[in-house]
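The values are calculated or read from the model by the stated rules, or taken from the named source; none is laboratory data. These figures come from a predicted structure and were not determined experimentally. Neighbour counts run over all protein chains shown; Cβ positions are idealised from the backbone, glycine included. Only protein heavy atoms, including side chains, enter the accessible area calculation; ligands, DNA and RNA are left aside. Shrake-Rupley method; radii C 1.70, N 1.55, O 1.52, S 1.80 Å.
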Amino acid sequence: NMIRTLMGGGGGNGGGAVSAERLEDAAPSWEALAAKLDTASTDDERAFRQDLESGRAARACSLASQRLFDLPDGEAPRLTLFRDTAAWCPYCEKVWLVLEEKRVPYEVKKVNMNCYGDKPAWFWAIQPSGGIPVAKLDGQVIRESNDIIMAVEEAFPDRPLLPQGDPRVRPLLSLERELFSAWFR
């Protein structure tokens, strides 16, 4: 009834349904919103957004859609990280920290966690379980955070973060996953 009243359909039993012809889309366009944002922004805010868009910002930021580091202009990153939109998934964060510390150029595609809504069909096609993070490195899809880290270490051997050839590395990474899973239950 309240919606009918607000939309001019009356509030009682005799109120009619709202028709699409009576609704007017008064929302501003994306271009108008962008212009309004630019007008209201400070020089520092504009510079921040330009740095993010360039992929060459001095500091890491979860809002960035790419990090290029020293990648030559015109070259595409070899790695795409599919991570959570909210930037608080600990497994995504772990992979993100490795990429940042090793200065591996990467693109970011953000995907909802289940608690924030549905995942798009294109993501289900590459990750049937729906879990994040996922990485695509040189066209190969890698679906678990520890596997992503190991693949990054192998593909980008400069600035190693894990002891090379140490058989304790994989079990220790797995222990971290077991502890978090036990705590999370």
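Amide H to amide H, which residues 5 or more places from Gln66 or on other chains are under 5 Å from it, using H placed in the peptide plane?
Result for Gln66 returns Val108.
Build a GNM of the chain with springs between Cα atoms under 10 Å: which of Ser65, Ser145, Ser129 gets the top mean-square fluctuation?
Ser129
For segment 79-157, what's the relative contact order in percent, using C-alpha pairs closer than 8 Å and at least 6 residues apart?
37 percent
Expressed as a whole number of Å, what is the distance separating the alpha-carbon centroids of segment 76-134 and segment 19-60?
24 Å
Between Asp43 and Asp73, how high is the FRET efficiency from 1/(1 + (r/R0)^6) when r is the Cβ-Cβ distance and R₀ = 22 Å? Nearest 0.05.
On the way: r = 25 Å, r/R0 = 1.13.
Using R0 = 22 Å, I get an efficiency of 0.30.
Number of Lys-Lys pairs in the chain under 26 Å by Cα, sequence gap 8 or more or different chains?
The number of close lysine pairs in the chain is 13.
Can you give the accessible area of Lys136 in Å² (nearest 10), computed on protein heavy atoms with a 1.4 Å probe?
About 70 Å², rounded to the nearest 10.
Sort Glu100, Glu154 by heavy-atom solvent-accessible area, probe 1.4 angstrom, most to least.
Putting Glu100, Glu154 in descending order of accessible area: Glu154, Glu100.
By how many nm would the segment from Ser62 to Trp124 lengthen if fully extended, with 0.36 nm per residue of separation less the alpha-carbon distance?
On the way: separation 62, 0.36 × 62 = 22.32 nm, distance 2.28 nm.
Length difference between fully extended and current span is 20.0 nm.
What figure in square angstrom, to the nearest 10, would you give for the accessible area of Ile142 with a 1.4 Å probe?
Result for Ile142: roughly 20 Å² accessible.
Measuring with a 1.4 Å probe in the full set of protein chains, what accessible area per residue, in whole Å², belongs to segment 34-87?
Computed with neighbouring chains in place, this is 65 Å² per residue.
Quick one: go through segment 74-109 and flag any residue whose amide nitrogen is under 12 Å from the point 7 Å out along the Cα-to-Cβ line of Phe180.
Counting backbone N atoms under 12 Å from the label point, the list is 84, 88-98.
If you place +1 on the Cβ of every Lys and Arg, -1 on the Cβ of every Asp and Glu, and leave all else neutral, what size is the dipole of segment 27-143 about its Cα centre, to the nearest 20 Debye?
So the dipole magnitude of segment 27-143 works out to roughly 480 debye.
Relative contact order for the chain: what percent, with Cα pairs under 8 Å and sequence separation of 6 or more?
Value for the chain: 14 percent.
Be a star and scan segment 45-80 for residues whose amide nitrogen sits under 14 Å from the point 7 Å along the Cα-to-Cβ vector of Asp138.
What the label zone holds, given the 14 Å backbone N cut-off, is 78-80.
Measure off, as a whole percent, the carbon and sulfur share of the 1.4 Å-probe accessible area of segment 76-128, all protein chains present.
Ligands and nucleic acids excluded, carbon and sulfur reach 58 percent.
Explain nothing, just compute: Karplus ³J(HN,Hα) = 6.51 cos²θ - 1.76 cosθ + 1.60, θ = phi - 60°, for every residue of segment 136-149 in order, whole Hz, x for Gly and Pro.
So the J values, rounded to whole Hz, are 10, 10, 6, x, 8, 8, 10, 10, 10, 4, 5, 5, 4, 4.
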